[in-house]
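Notes follow the structure.
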Amino acid sequence: MTNNLRVLRAIKNISQEELSKKIEVSRQTINAMEKGKYVPSTVLALKLSRYFEKPVEEIFTLEDTD
């Protein structure tokens, strides 16, 4: 699964730390998601969707190997 969290953060001009506080996870979780090392839970994906005001499918993309 890929995502565009880094781009969305840049558009809002917020740091990993600021985003992590907004959605109540650690900065390390945001970092791991951006690097593709962590697949978020449904709840976390929905929190990100709500925060960025984007459908989940615009944030996360399934790859052929998923």
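Some points to look at:
- First in region 31-57 and within 11 Å of LEU8 (Cβ to Cβ), second anywhere and assigned to a loop (DSSP other than H, G, I, E, B), Cβ under 9 Å, 6 or more apart: LEU48/PRO40; LEU48/LYS54; SER49/PRO55
- Residues of region 8-36 classified as modelled with pLDDT of 95 or more, in a loop (DSSP other than H, G, I, E, B) and out of contact with any Pro (no Cβ under 9 Å at 6 or more places or on another chain), total: 6
- Complete set of residues in region 19-54 that are over 20 Å from ASP66 (Cβ atoms) and open to solvent by 90 Å² or more (accessible area, probe 1.4 Å): LYS21, LYS22, GLU24, GLN28, ARG50, GLU53
- Contact map, region 4-19: residues that are acidic (Asp, Glu) paired with residues that are surrounded by 12 or more Cβ atoms within 10 Å (Cβ to Cβ) and at pLDDT 95 or above, Cβ distance under 6 Å, separation 6+ or inter-chain. Pairs shown: GLU17/ARG27.
The values are calculated or read from the model by the stated rules, or taken from the named source; none is laboratory data. Treat the numbers as computed from the prediction; the structure is a model and nothing was measured. Reconstructed Cβ throughout: ideal geometry from the backbone, glycine too, with neighbour counts over all protein chains shown. Ligands, DNA and RNA are excluded from the accessible area calculation, which covers all protein heavy atoms including side chains. Shrake-Rupley method; radii C 1.70, N 1.55, O 1.52, S 1.80 Å.
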